[in-house]
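Every read-out reported here was derived from the displayed coordinates using simple, explicitly stated rules and does not represent laboratory data. Because the structure is predicted, anything quoted here is derived from the model rather than measured. So basically every Cβ, Gly included, is an ideal-geometry build from the backbone, and we count neighbours across all protein chains shown.
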DNA sequence: ATTCTTTTTGAGATGATTTATCAATTTCAA
DNA sequence: TTGAAATTGATAAATCATCTCAAAAAGAAT
């Protein structure tokens, strides 16, 4: 009986953990915490993946008119801080939100463009094996499977 | 005893099989077989992977002066014919020669840029599993492992 | 709070890569 | 050989991302 005691968590600001990661990275590199960086991180974390251009338009309506260059700079900063990962799919660069998972693999439908994300420990273990056998130490990886989803096969 | 009877193969023109693949693709799409396309395929097949720019410079001295636009058009044509595969690595597009292997996976050193190619049947089998579980039929895939090679780790 | 140094921002210029345009040329089937 | 259709090459244009730099903001030290 009694209510679950989650009040402190419920009232925590959104994306507190990621904001902390960002601040730690900034501190370590003599960089500053700005309103723009906060706004962009907040918006970025609401998506699985987005392009700089899309994020620019999404934020254009907000109060200060954020420059496109700032969006690019900040997304690249997130990559360095380990909050995002750049991926070149098609013509524009996609920035993936990897703040809540170790790796990010994709199943991509060549028919409709649908993207399904997955994780597979067995594959990752085999990747480590291959790398070790070749004297490499893996920092990150990218696995994309292209094909037709069930709807597009017909 | 006696010599191995491989004479017909030995005297076959280089890249005959791939040239056949190209011609078949051209025929199916009302496209024409030109001297440029022949030259570009010949040069392209001599590498594992190359950028349009590099191929352009490599061919610049040859008889008909090939335009850069033609190189791009033709490499994209090869992709459609299944002879090449485009990969966005860094800023330029890399065109991989996939004519003699099923798939093309890479170990890429983030220190020196060295690229090691590998194939791993176990990984491919697991990829099929993942795809099937999600209702996908795989057409192709891309696996890139980024890390430091043994020389760059120091 | 004020000052001061350093970093960041925004707007547009710039750079890099790829595609589009179009007249002249080439291919290839009739 | 002829003629319709496709291709080519040169360059313009488009696309995407980074660079430049003066003005603004951040943050530490007064």
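Does residue B:132 satisfy being surrounded by fewer than 17 Cβ atoms within 10 Å (Cβ to Cβ), in contact with a helix residue (DSSP H, G or I) (Cβ under 9 Å, 6 or more places away or on another chain) and under 25 Å from residue A:151 (Cα atoms)? Spelling it out, it is not the case that residue B:132 is surrounded by fewer than 17 Cβ atoms within 10 Å (Cβ to Cβ), in contact with a helix residue (DSSP H, G or I) (Cβ under 9 Å, 6 or more places away or on another chain) and under 25 Å from residue A:151 (Cα atoms).
Yes or no: the range A:97-118 includes at least one residue that is more than 20 Å from residue B:141 (Cβ to Cβ), surrounded by 14 or more Cβ atoms within 10 Å (Cβ to Cβ) and in contact with a helix residue (DSSP H, G or I) (Cβ under 7 Å, 6 or more places away or on another chain). Yes, because at least one residue in the range A:97-118 is more than 20 Å from residue B:141 (Cβ to Cβ), surrounded by 14 or more Cβ atoms within 10 Å (Cβ to Cβ) and in contact with a helix residue (DSSP H, G or I) (Cβ under 7 Å, 6 or more places away or on another chain). Looking at (1) within 13 Å of DNA strand C (Cβ to nearest atom); (2) surrounded by 15 or more Cβ atoms within 10 Å (Cβ to Cβ), which is the one condition that is false for residue A:62? Among (1) within 13 Å of DNA strand C (Cβ to nearest atom); (2) surrounded by 15 or more Cβ atoms within 10 Å (Cβ to Cβ), the lone unmet condition for residue A:62 is (2).
Restricting attention to the range B:24-39 and to residues that are more than 12 Å from residue B:83 (Cα to Cα) and surrounded by 13 or more Cβ atoms within 10 Å (Cβ to Cβ), the residue that is nearest to DNA strand C (Cβ to nearest atom) turns out to be B:34.
Pick from the range A:79-89 the residues that are within 12 Å of DNA strand D (Cβ to nearest atom) and touching a strand residue (DSSP E or B) at 6+ places or on another chain (Cβ under 9 Å): which of them is farthest from the other protein chains (Cβ to nearest Cβ)? Across the range A:79-89, the extreme among qualifying residues is A:79.
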